[in-house]
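S.K.: Please read through the structure below; I'll follow up with questions.
The values are calculated or read from the model by the stated rules, or taken from the named source; none is laboratory data. If you're wondering where the values come from, they're calculated on a predicted model, not measured in any experiment. So basically every Cβ, Gly included, is an ideal-geometry build from the backbone, and we count neighbours across all protein chains shown. Protein only, heavy atoms only, side chains kept; ligands, DNA and RNA dropped before computing areas. Shrake-Rupley method; radii C 1.70, N 1.55, O 1.52, S 1.80 Å.
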Amino acid sequence: MVELSRRNLLALIGSLSLPVLLGQAAPARAAGTKLTAVEWGGDVVKAMKEIAAQQSAVDIDWVLHQGGAAAILPKIKAIWPRTDFDYVAGWEGSFNSMIKEDWLETVNPADIPNLADIPAKMIIKNDKGGIMAVPRAVGGMYFGYRTDTVPMPVTKIDDLFDPKLKGAICWPGPTQSMMLQIVALALHGGGDEKNMEPGWKLMADLAKSGNIGRIAVTDVDFTNSFTAGETSVGFFAEPSWAAVAKNFPVTRLTKQKGMATFLYQSGFAVLKNRPNLKATLDFINFAISPAMNTLYAKVAGEAPLNAKAEKPENLKHLIFTPAEMDEFVHVPDYNVVLSNQDAWAKRWEADIAPLL
């Protein structure tokens, strides 16, 4: 059984000026090396292309995820043990699946020296302690509200039940946020992802309260509801909050005691059975260097994990000191969360949907 890291993210303290990118030392040239990398589209692949342009050791063919990170898994499985990809960008959930399939190289930290500046407890390992993925950035799922339209400030879970918020809450549907929104309620009630009964009780009470004005089945449901002013309080992932914040003031409750923030990482998984292992590791090491991690954060909009990277002002809500981590952040056991998605979805349909 793979044990994903149960960790406190360490401090990302201080702000450094962005080094001159073209002066960043690039990996040694591996003549004629071409890598095939799986990335997301949008600003993420834009950031990685800008990073790749700062080195000359490798050329990269970019393959974009179609859908969520797990969508690439059937494509890998269909032709395994042959594989077409040198690295696959993903997060805890997709990495866990790849580890279980034994598709990934175990990373020697000596091959990626910049790992020394990545919080050690952030790194996903297998049950033998081997490093199985290299983190690059962090995002979050959390409570917040649109500051200019909220009927009342929200500072604690109990506020969600206040009659002043009648119809004002946009709540994720059962396919969104890995149902961590109900884990957040469970934590408030004395439980956690392994003891969800307090969460289901509070979820039923919230559904009966009439305060939920919209169930967001998709990210677009959330952003449309907020931008239209239909609702003003919710729980969603960073990209959705960022979309609203482009046009409206948003209060992010990532550092509000009693309202759990859930952090997730993005990073690199290196596949076995490829001829370009050293070149792949060298490129990943380059990509998580302080200057490149700073560049990635500024373009992709995820908080950098290299402790020496500059932290963009607009991402300070996702950067925590050790004390803040202990107080505000809950890192769930993703094995438990992912293995219970079907059961939790059925529980929602049976017990919660009829109350809405």
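S.K.: If I histogram all Cα-Cα distances within the chain using bins 20 Å wide from 0, what percent of pairs lands in each bin?
M.R.: Per 20 Å bin, starting at zero, the Cα-Cα P(r) for the chain comes out as 29, 56, 14, 0 percent.
S.K.: Going down the table (Lys34/Lys77; Lys75/Lys100; Lys46/Lys298; Lys246/Lys316; Lys257/Lys316; Lys77/Lys272), which pairs top 19 Å between alpha carbons?
M.R.: On the way: Lys34/Lys77 23 Å; Lys75/Lys100 16 Å; Lys46/Lys298 11 Å; Lys246/Lys316 16 Å; Lys257/Lys316 17 Å; Lys77/Lys272 13 Å.
Listed pairs above 19 Å: Lys34/Lys77.
S.K.: Filter the trypsin sites (Lys or Arg not before Pro) in segment 80-165 down to the DSSP loop ones having no more than 10 other Cβ atoms within 10 Å, then list what survives. Working shown, then result.
M.R.: Values: sites: Arg82, Lys100, Lys121, Lys125, Lys128, Arg136, Arg146, Lys156, Lys164; in loops: Arg82, Lys128, Lys156.
Qualifying residues, ordered by number: Arg82, Lys128.
S.K.: Amide H neighbours of Val217 under 5 Å, at least 5 residues apart or on other chains, H built in the peptide plane: list them.
M.R.: Gly173
S.K.: For Lys166, give me every one of the lysines with a C-alpha distance below 18 angstrom, ignoring sequence neighbours fewer than eight places off in its own chain.
M.R.: Within the straight-line cut-off, Lys166 pairs with Lys156, Lys208.
S.K.: Rolling a 1.4 Å sphere over the protein heavy atoms, what is the accessible area per residue of the chain, to the nearest Å²? Kindly include the intermediate steps, with their values, before the conclusion.
M.R.: Values: 14650 Å² over 356 residues.
Heavy-atom accessible area per residue stands at 41 Å².
S.K.: Counting only protein heavy atoms and using a 1.4 Å probe, what share of the accessible area of the chain belongs to carbon plus sulfur, as a whole percent?
M.R.: Numbers: 7680 of 14650 Å².
Here it works out to 52 percent.
S.K.: Turning to a different aspect of this structure: If you take the Cα Rg of segment 119-262 and divide it by 2.2 N^0.38 Å, with N the number of residues, what do you get?
M.R.: Details: Rg = 16.1 Å, N = 144, 2.2 N^0.38 = 14.5 Å.
Output field value: 1.11.
S.K.: Take peptides 171-181, 308-318 and line them up by average Cβ neighbours within 10 Å, highest first, as a rough protection proxy. Mind dumping the intermediate values first?
M.R.: Numbers: 171-181: 22.1, 308-318: 18.6.
The packing order, highest mean first, is 171-181, 308-318.
S.K.: Separate question: Of Ala207, Val244, Thr254, which is farthest on the positive side of the dipole of segment 113-272, counting Cα position, with +1 on Lys and Arg Cβ, -1 on Asp and Glu Cβ, and the Cα centre as origin?
M.R.: Final value for the positive-end residue is Thr254.
S.K.: Once phi is turned into θ = phi - 60°, what whole-Hz ³J(HN,Hα) does the Karplus curve with 6.51, -1.76 and 1.60 give for every residue of segment 86-93, x standing for Gly and Pro?
M.R.: Once θ is set to phi - 60°, the couplings for segment 86-93 become 7, 9, 10, 6, x, 8, 3, x Hz.
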